[in-house]
Amino acid sequence: MSRLSDFSRAHCHPERSERSPNLVVRIFVPSAAFVRFFASLGITALILCSGASLVYAQEQSATSVSHQVREIFERSAKAVVKIHGVDEHSEISGTGFFIDPTGTLYTAYTVGGEAENFTIEFNGKKYPARQLLADIRSGTAMLKIDTVTPALTIGKSEELEVATPVVAIGYPLDLPETPNFGMVAGLDHKYLGRYFSTTHLRLNLPTQRGEAGAPLLNMKGEVVGIVVGSLENNSACYAVPIEAAEKIRGDFVRFGEARHGWVGINVSEAPTEVEGSRAEMTQMMEGTPAATSGIKPGDILLQVGRKKVTQPEDVLDASFFITAGDTVPITVMRGNRRLTFDVRAALHPASQRGLLIASPASPTMNQGMPLKLESEAQRTP
């Protein structure tokens, strides 16, 4: 008996399209023997000879992706710059990118946080730069040069999911600007047992020295993150969501500094889910805004500001975006009642000690969480 592959080869006929004379289309024409073969198995089937077509489709798909990445790189690279600086130990170099036409740029804290004498390579020239703000909690820094510049469009990291394709543009080693294509591997709350101050994007992007501060772009060419640290022998990396840097930038515009707020609530995992949330209040810290807010232990946390909460780890993201002095609406479930309390956030005490960080390479990344997460569920009468 002939094999199925024999049928496939014998009954696939190439045809040439009049509209596209170079395009070969495989059309399946079943023979009587073919029909009798499947009828003997009691199967009625329509089989497409797709081998060559599949290869063609894959080649076209790869070509399309390559073209899209190249287009993003060519359009965005003009706003990506190389940064030079000097810290207390040695010279440093990294990557940054402009976010407005007045020369303001973002980079990683490890590049622009503790160095000085900054020089920016842009448009074939070198410009002196000054530090506007360095925020160890978000892992970002803002620098500025005095000239008109291009700027990248800010996107939304909330639209990213695992396996979403992304592009980074950086200056590895002493090489020119380089595109890097990969995908989102995870949306992590913690690393090696330590919680981040906000969710980090784990990326299947190999990184080299000099690429810290590189913009992470979605396939529309919008910035969705900033590369802040590498993992596993540079085979992967972490990026902080762009919203974290934008929060710090917003504080700077309003107050001239970052103002990390806190409420003062300990949260643990509730034994049962309530209204989609398992985040249970366990303690209102004495002397904090929460202590006099009306929130009670045992309340199930549903939302902090605009951030919805479904699990205890969600409060890290939510609290990161609290600004000291702002009134924050906090919604909870108490029994069968949904209650909202307006709480005026205070300045986070750890922000005055400089121990807030969002970098996987730092041993202090967990020193200054705005809320405490209990590892075991606790019930408070």
inquiry  = Using amide H atoms built in the peptide plane, which far-off residues or other-chain residues are under 5 Å from T198 H to H?
reply    = none
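If the only charges are +1 at each Lys and Arg Cβ and -1 at each Asp and Glu Cβ, what is the size of the charge dipole of the range 87-146 around the Cα centre, to the nearest 20 debye?
Computed about the Cα centre, the dipole is about 220 debye.
Quick one: net charge around E88, please, counting Lys, Arg +1 and Asp, Glu -1 for every other residue with C-beta under 14 Å from its C-beta.
Details: positive: none; negative: D87, E91, E114, E116.
Charge balance in the 14 Å sphere: -4.
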note = The local net charge around R75, scoring Lys/Arg +1 and Asp/Glu -1 for residues other than R75 whose Cβ lies under 15 Å from its Cβ, equals -1
query = Sorting L132, L347 by accessible area (1.4 Å probe), largest first, what list results?
reply = L347, L132
query = On the accessible surface of the range 114-256, probed at 1.4 Å, how many percent belong to carbon and sulfur atoms?
reply = 50
note = If amide H atoms are modeled at 1.01 Å from N in the peptide plane, then the residues at a separation of 5 or more from L132, or on another chain, having amide H under 5 Å from its own are M142, L143, K144
remark   = Taking placed amide H atoms and a strict 5 Å upper bound, the residues 5 or more places from A214 or on another chain that come that close are T95, V227
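Take the alpha carbon gyration tensor of the range 169-254, find the square roots of its eigenvalues, order them as a ≥ b ≥ c, and report rounded if a/c is under 1.5; if not, report prolate when a/b exceeds b/c, else oblate. List each step's numbers first, then the result.
Details: a/c = 1.67, a/b = 1.17, b/c = 1.42.
It comes out oblate by the Cα gyration axes.
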inquiry  = What aspartates and glutamates does K308 reach when the alpha-carbon gap must be under 12 Å and sequence neighbours fewer than 8 apart in one chain are set aside?
reply    = E275, D317
message = Please list, in order along the range 332-337, the HN-Hα scalar couplings obtained from phi with the Karplus expression 6.51 cos²θ - 1.76 cosθ + 1.60 (θ = phi - 60°), rounded to whole Hz, x for Gly and Pro.
response = 9, 10, 10, x, 9, 10
message = If I ignore ligands, DNA and RNA and count only protein heavy atoms, how much of H89 is accessible to a 1.4 Å probe, in Å² to the nearest 10?
response = 150
Accessible-area ranking of R259, R209, largest first, probe 1.4 Å = R209, R259
key: Heavy-atom accessible area ranking, 1.4 Å probe, most first, across S66, S277   = S66, S277
request  = Determine how large the accessible area of M285 is when every protein chain is in place; take a 1.4 Å probe and give Å² rounded to the nearest 10.
outcome  = 40
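The values are calculated or read from the model by the stated rules, or taken from the named source; none is laboratory data. These numbers come from a predicted model, not from an experiment. Glycine gets a Cβ as well: all are built from the backbone with ideal geometry, and neighbour counts include every protein chain shown. To get the accessible areas, we keep the full protein, side chains included, count just its heavy atoms, and leave off ligands, DNA and RNA. Shrake-Rupley method; radii C 1.70, N 1.55, O 1.52, S 1.80 Å.
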